[in-house]
1. The conditions are (1) buried (at least 18 other Cβ atoms within 10 Å of the Cβ); (2) farther than 23 Å from residue 149 by Cα, and residue 206 fails exactly one of them. Which is it?
2. With the condition kept exactly as written, say whether any residue in region 59-68 is surrounded by 24 or more Cβ atoms within 10 Å (Cβ to Cβ) and in contact with a His (Cβ under 9 Å, 6 or more places away or on another chain).
3. Cβ-Cβ under 6 Å, sequence separation 6+ or interchain: first residue in region 197-223 and farther than 22 Å from residue 50 by Cβ and in contact (Cβ under 8 Å) with a residue 60 or more places away in the chain, partner surrounded by fewer than 19 Cβ atoms within 10 Å (Cβ to Cβ) and among the small types (Gly, Ala, Ser). Which pairs?
4. Output the number of residues of region 210-232 satisfying the condition of being within 23 Å of residue 58 (Cβ to Cβ) and either touching a Pro at 6+ places or on another chain (Cβ under 8 Å) or at pLDDT below 95 (or both).
5. Taking region 117-141 as the search range and keeping residues that are buried (at least 21 other Cβ atoms within 10 Å of the Cβ) and among the small types (Gly, Ala, Ser), which one is nearest to residue 185 (Cα to Cα)?
6. Just give me the residues in region 96-114 being surrounded by fewer than 18 Cβ atoms within 10 Å (Cβ to Cβ) and small (Gly, Ala, Ser), in sequence order.
7. Considering only region 134-144, I want to know if a residue exists there that is assigned to a loop (DSSP other than H, G, I, E, B), touching a Pro at 6+ places or on another chain (Cβ under 8 Å) and in contact (Cβ under 8 Å) with a residue 40 or more places away in the chain.
Amino acid sequence: MIIALAVVTLILLLIVRAGHTLYSVGSFTNAWQKESVLSLDDQALVIVAMGDSTVQGVGSLKRSDSFISQVAKRVSAQTGKTVQIVNLSVSGADSGQLLESQLPKFKNVKRFDAIVVAVGPNDITHKKSLESFLVNYETLLKQLPADKTVIANLPPMGPEDINGKNSYEWGQALKPVAEKYNVAVALVFEKVNPRANDFRIYGGDFYHPSKAGYKLWADAFEEPLQKILNKS
């Protein structure tokens, strides 16, 4: 009886966590959108974020647990300045959709001190080619200031692309593009991979990161982002 009760409790907990993850897709989007149209504080450091659901923070229980929020808190503590986030990311976006919908919005942002980009996993799951992903990334980086941009390599993930390449290989292929345009790379894969089999770093859908998972992302972004903001 005790074992059965424990199993039922666990199943219910997993259902609740999965439901919250699904709910957060819409609720986080609405909250970020409301903040993105607020007036920019002249005294604040402004970070523009573009990408997919990981930039939204989907998988965490609270939006403040997202990696962009966690790293912003660290920067604020280190600099003593308020950090304002303009989060233009869209859950489910691939690199082509980022170019179509997020880049035009970025061009309307009047002032910023740093840009964060994390995109690619949806290109893999949507069975887009690595070649098209790299072309899209080059198109993006041509239009961003190199000295203010940090991009993420791809996190470890199960699905492979249409040619059987995995996220590590995509991240490796992204390196020369980043070097060509002289932009910093947040080594998300290297931070997450040692704990890739630890269920605690995943959210309710066991795909998106949890707060603990996003902490690893924040660890990857902190150093390159701090170098940029120290110049602001």
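The values are calculated or read from the model by the stated rules, or taken from the named source; none is laboratory data. These figures come from a predicted structure and were not determined experimentally. Methodologically, a virtual Cβ is constructed for each residue, glycine included, from the backbone with ideal geometry; neighbour enumeration extends over all protein chains shown.
1. Of everything listed in (1) buried (at least 18 other Cβ atoms within 10 Å of the Cβ); (2) farther than 23 Å from residue 149 by Cα, residue 206 misses just condition (1).
2. Pass one, region 59-68, residues surrounded by 24 or more Cβ atoms within 10 Å (Cβ to Cβ): 59-60, 66-68.
Next, from what is left, pick out any that are in contact with a His (Cβ under 9 Å, 6 or more places away or on another chain): 59-60.
Yes; the residues of region 59-68 include at least one that is surrounded by 24 or more Cβ atoms within 10 Å (Cβ to Cβ) and in contact with a His (Cβ under 9 Å, 6 or more places away or on another chain).
3. Hits for this filter: 204/18; 205/18.
4. Matching residues across region 210-232 total 2.
5. If we take residues in region 117-141 being buried (at least 21 other Cβ atoms within 10 Å of the Cβ) and among the small types (Gly, Ala, Ser), then 118 is nearest to residue 185 (Cα to Cα).
6. 101
7. Keep residues of region 134-144 that are assigned to a loop (DSSP other than H, G, I, E, B), which gives 142-144.
Of the ones still in play, those that are also touching a Pro at 6+ places or on another chain (Cβ under 8 Å) are none.
So far as region 134-144 goes, no, none of its residues is assigned to a loop (DSSP other than H, G, I, E, B), touching a Pro at 6+ places or on another chain (Cβ under 8 Å) and in contact (Cβ under 8 Å) with a residue 40 or more places away in the chain.
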